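Colleague: Handing you a structure now.
What follows is calculated from the coordinates using simple rules that are stated; it is not laboratory data. Computed from a predicted structure; not experimentally measured. Positions of Cβ are generated from backbone atoms using ideal geometry, with glycine treated the same way; all protein chains shown enter the neighbour counts.
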Amino acid sequence: MKINFKRVVLGGLIAGLILNLGETLLNEVVLVKQMEETASRLHIERPGTLFIGLAILLTFGLGLTIVLLYALIKVRLGAGIKSALLAGLIVWFAVYVYSGVLTGVAIALNPVFIIIGIGWGLVEYLLAAIIGSSFYKEA
């Protein structure tokens with residue numbers, strides 16, 4: 001079966017939008033006070049326009065990655081939620097668990113905030129994977 005890259009892009013952009021909305025809520029509502037305190041403690045500025053623009057672009061790339069991974073996994077496990085959840089879990093682990101724990105430890109974040117972020121990311125990535133992959137259809 002050929003991968004339908006038009007549908008990967010469609011589903012990936014939708015997944016990326018969900019991820020970007022989730023990241024905005026996490027960083028600008030849920031953990032905004034902790035982000036400001038951490039920036040102050042580290043004597044750094046809060047992320048500016050360049051950082052935010054790059055983060056948005058890369059996050060859309062993660063949405064595309066999730067749906068492409070779904071397209072590859074569904075050949076082996078079949079279409080549906082199981083394959084979508086696996087694609088979401090793989091990307092969540094690579095992004096949130098790996099980099100979140102290492103970065104959090106490196107800058108001495110309170111472990112509670114690391115756990116909140118990882119838990120939030122799990123819900124966000126699984127939701128994005130389920131919805132984004134629902135737009136994928138074979139070529």
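Colleague: Average the reciprocal distances over every distinct pair of alpha-carbons in the stretch 5-133, invert the result, and give the Kirkwood radius in Å.
Modeller: Answer for the stretch 5-133: a Kirkwood hydrodynamic radius of 15.2 Å.
Colleague: Separate question: Identify which of GLU37, GLU23, GLU124 has the largest mean-square fluctuation in a Gaussian network model of the chain, with springs joining Cα atoms closer than 10 Å.
Modeller: Result: GLU37 has the largest fluctuation of those listed.
Colleague: Which of the lysines could a cross-linker span from LYS2 if the Cα-Cα distance has to be under 23 Å and same-chain partners fewer than 8 positions apart are dropped?
Modeller: LYS2 reaches LYS74, LYS82, LYS137.
Colleague: Further, regarding this structure: Given the options THR49, THR103, THR38, which has the most mean-square fluctuation in a GNM of the chain, springs set between C-alpha atoms less than 10 angstrom apart?
Modeller: Among THR49, THR103, THR38, the largest mean-square fluctuation in the Gaussian network model of the chain belongs to THR49.
Colleague: How high is the relative contact order of the chain, given as a whole-number percent (alpha carbon pairs under 8 Å, six or more residues apart)?
Modeller: After rounding, I find 46 percent.
Colleague: Which whole-Hz ³J(HN,Hα) couplings does the stretch 100-110 yield from phi under the Karplus relation 6.51 cos²θ - 1.76 cosθ + 1.60, θ = phi - 60°, glycine and proline marked x?
Modeller: x, 5, 4, 5, x, 5, 4, 9, 6, 6, 4
Colleague: Based solely on its DSSP helices, what 222 nm [θ] is calculated for the chain when runs of n ≥ 4 H residues each add -39,500 (n - 2.57) and the sum is averaged over all residues, nearest 500 deg cm²/dmol?
Modeller: Working: 6 runs with 102 residues, N = 139.
Theoretical 222 nm ellipticity from helices: -24500 deg cm²/dmol.
Colleague: Please name whichever of ILE73, ILE115, VAL105 sits farthest to the positive end of the charge dipole of the chain, dipole taken about the Cα centre and charges placed at Cβ: Lys and Arg +1, Asp and Glu -1.
Modeller: Of ILE73, ILE115, VAL105, it is ILE73.
Colleague: If the elastic network links every pair of Cα atoms under 10 Å, which of GLY11, GLY88, GLY100 fluctuates the most in the Gaussian network model of the chain?
Modeller: Comparing GLY11, GLY88, GLY100 in the GNM, the peak value goes to GLY100.
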